[in-house]
Amino acid sequence: MPPIYLDHAATTPCDPAVIEAMRPFWSERFGNALSPHAFGRRARCAIEEAREELASLLGAHPSEIVFTSGATEANNHVISGVARSLKDKGGHLVVSAIEHHSILEPAKRLLEEGYTISYVAPDQDGTISVGAVEAALQPDTILIAVGHANNEIGVIQPIADIGRLARARGVYLLVDMAQTAGHIPAHVGDLHCDFSSLSAHKFYGPQGAGALYMRKGVLCGSLLLGGDQERSRRASTQNTAGIAGLGKAAALCRQAMAQEMKTQQTLRDALIGAVLKEIPRAVLNGHRIRRLPNNAHFSFENTDGEGLVAALDIAGIACSAGSACTSGQLAPSHVLKAIGSSDRMALGSLRITLGRWTTEAEIQYFIEQLKIKTQFPLPLRRG
Ligand code: PMP
C-alpha cells in the first residue's frame, strides 16, 4: 500500500490543475503585477481573475479581497489593524478560547499593550455558544474573533448567529475560515462577518498564498507598509503564481464542494463508527454532527498520541496528534483542555482528516493499523 495521507487539516496536496494554472507565472508570464507594461498587465489580469474566483466562493465583492501570504498574516492584520484603527472607540476584544495561535498570539500582544480581552470558553462538545459571546460583550468591545471551524476537533461554530449579534451591537466580527473555505459553504454575507481569513494550501492550492476578506467600509489599518499593492491594504510584490493557484483551487472547490462533502462525510462516519466500536479506549472529541465532513478526532486512554502518530507513520499513515501546529510539544492542546479533557486524554489524542483523494481502502487499512497500534497501551512520555 503506498503512503496514506490523512492529515489534510495540516495541509492538502496541490490539485494537478492548480499546478498547471500556476506554471506560466514562473516562466513566460513572470511580470510584476504593478508594472505598467505588457508583462505586468498579464500578471495583473491573472490576479484579478483569481480575486473574482475567490470572491464567488465567499459570496464577496472582488474589491473586498486582499491577497496575503496566508491565514496567519490575515489574522495578525485584523487583530492589530482593528485595534489601532478603533483605539478611540474602545480597547476590549472577545476571543474564543479555542482559536488558532495566529489569533491568540497577536491578541496576547494587545493585552501587553493595555487592551483587555475576554476569552470565551466552548461547551464540552466544542461549541462557542452565541449566549457565551453575548455575555462577554462590553460597551467598549471592538472585535469578536471566532473561527468558523476548529482546526483540531473540527467543530463548526454557529457563526451566523454570532454574526447577527455582532452586527446588532456594532462590533466587528473576524471569522477564521482556514479550515472551512472550499470545504463547506462559507458565505460572508450569510455569516454576517466583517473579516475572514484563509490559506490556499488548506483547499488544494499552494502554500504561502492566502487571503483576507474585509467588508467594504470597515476600518482596519494595514500590517505591511511600503507599497501600493492590494489597493494599499497590503504592501509587497504580489505572489502572482500563488494567487493564480489560489483562484484555480477556489474554482475547483466551488464545483466539487457538494459532492466532496457527501463523500468525505460518509467515509468519516464509517471511520468514527469503526474506531468507537473496535477500540474500547477511544473517545470522540467534538460534536458528533456539527463538525467538518473530513474531521475525526479521538482521545485514547493511557496512550501517547505522539507515539501513536510515530507508530502509524512507520505503517505508512500520516495523521496528527492534536494539531500539527502544536505537535512536537508535549503540552496538552489548549483546545482539548478548553473542552474539559484531562491532560492524560489530551496527550493521547489523534486527528484524522480526509481529503479529495481519500479512499475506502485507505480508511480500512488505517482502522486495521490503528487496532494493532493501540492494542497495548503506549505509556505517556514525561516531557
Ligand atoms: N487558522 C487556522 C484555523 C488554521 O488551521 C491555520 C493553519 N493550521 C491557520 C490559521 C494558519 O494558516 P497558515 O499557517 O497557512 O498561515
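Based on this model, can you work out whether residue 104 counts as open to solvent by 10 Å² or more (accessible area, probe 1.4 Å), within 16 Å of the ligand (Cβ to nearest atom), closer than 28 Å to residue 235 by Cβ and part of a helix (DSSP H, G or I)? The answer is yes for residue 104. Checking 80, 63 one by one, the residue that is open to solvent by 20 Å² or more (accessible area, probe 1.4 Å) and under 12 Å from residue 213 (Cα atoms) is 63 and no other.
Could you please let me know if residue 282 is open to solvent by 10 Å² or more (accessible area, probe 1.4 Å) and small (Gly, Ala, Ser)?
Values: open to solvent by 10 Å² or more (accessible area, probe 1.4 Å): yes; small (Gly, Ala, Ser): yes.
Yes.
The requirement of being under 21 Å from the mean Cα position of the chain (by Cα) and open to solvent by 40 Å² or more (accessible area, probe 1.4 Å) is fulfilled nowhere in the range 227-237; no residue meets it. Among the conditions (1) in contact with a strand residue (DSSP E or B) (Cβ under 7 Å, 6 or more places away or on another chain); (2) away from the ligand (no atom under 16 Å from the Cβ), residue 134 misses just one, which is (1).
Residues are listed down the side, and each one gets a yes or a no for (1) within 16 Å of the ligand (Cβ to nearest atom); (2) touching a residue at least 12 places away in the same chain (Cβ under 8 Å); (3) more than 27 Å from residue 242 (Cβ to Cβ):
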site	(1), (2), (3)
56	no, yes, no
77	yes, yes, no
82	no, yes, no
86	no, yes, yes
89	no, yes, yes
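The residues listed here are 52, 64, 73; of these, the one that is at pLDDT 95 or above, of a type in the set (Asp, Glu) and within 16 Å of the ligand (Cβ to nearest atom) is 73. Based on this model, can you work out whether residue 20 counts as in the same structural domain as residue 193 (by TED's automatic domain parsing) and either under 25 Å from residue 355 (Cα atoms) or at pLDDT 95 or above (or both)? Yes; evaluated as a whole, the condition is true for this residue. The residue that is nearest to residue 251 (Cα to Cα), among those in the range 1-45 that are among the hydroxyl-bearing types (Ser, Thr, Tyr) and within 28 Å of the chain's Cα centre (by Cα), is 12. Within the range 155-174, the set of residues being open to solvent by less than 20 Å² (accessible area, probe 1.4 Å), more than 24 Å from residue 356 (Cα to Cα) and either in a strand (DSSP E or B) or hydroxyl-bearing (Ser, Thr, Tyr) (or both) comprises 173, 174. Here is the figure for the range 145-169: residues that are away from the ligand (no atom under 16 Å from the Cβ) and either within 17 Å of the chain's Cα centre (by Cα) or of a type in the set (Ser, Thr, Tyr) (or both) total 1.
Residues of the range 83-101 that are surrounded by 23 or more Cβ atoms within 10 Å (Cβ to Cβ) and over 16 Å from the mean Cα position of the chain (by Cα): 93, 94.
Listed by first and then second residue, the pairs linking a residue in the range 249-263 that is under 19 Å from residue 22 (Cα atoms) to a residue that is in a helix (DSSP H, G or I) and at pLDDT 95 or above, with Cβ atoms under 6 Å apart and 6 or more places separating them unless they lie on different chains, are 249/18; 249/200; 250/53; 250/54; 250/57; 251/53; 254/57. Taking the range 7-66 as the range and being small (Gly, Ala, Ser) and assigned to a helix (DSSP H, G or I) as the test, the residues that pass are 17, 21, 38, 40, 43, 46, 50, 55, 56, 63. Scanning the range 261-279 turns up one or more residues that are out of contact with any Gly (no Cβ under 8 Å at 6 or more places or on another chain) and in a loop (DSSP other than H, G, I, E, B). The set of residues in the range 182-219 being within 15 Å of the ligand (Cβ to nearest atom), in a loop (DSSP other than H, G, I, E, B) and either closer than 14 Å to residue 62 by Cα or open to solvent by less than 20 Å² (accessible area, probe 1.4 Å) (or both) consists of 182, 184, 186, 193, 203, 204, 205, 206, 209.
The values are calculated or read from the model by the stated rules, or taken from the named source; none is laboratory data. Remember, predicted model here, so these are calculated numbers, not experimental data. Positions of Cβ are generated from backbone atoms using ideal geometry, with glycine treated the same way; all protein chains shown enter the neighbour counts. Heavy atoms of the whole protein, side chains included, go into the accessibility calculation; ligands, DNA and RNA do not. Shrake-Rupley method; radii C 1.70, N 1.55, O 1.52, S 1.80 Å.
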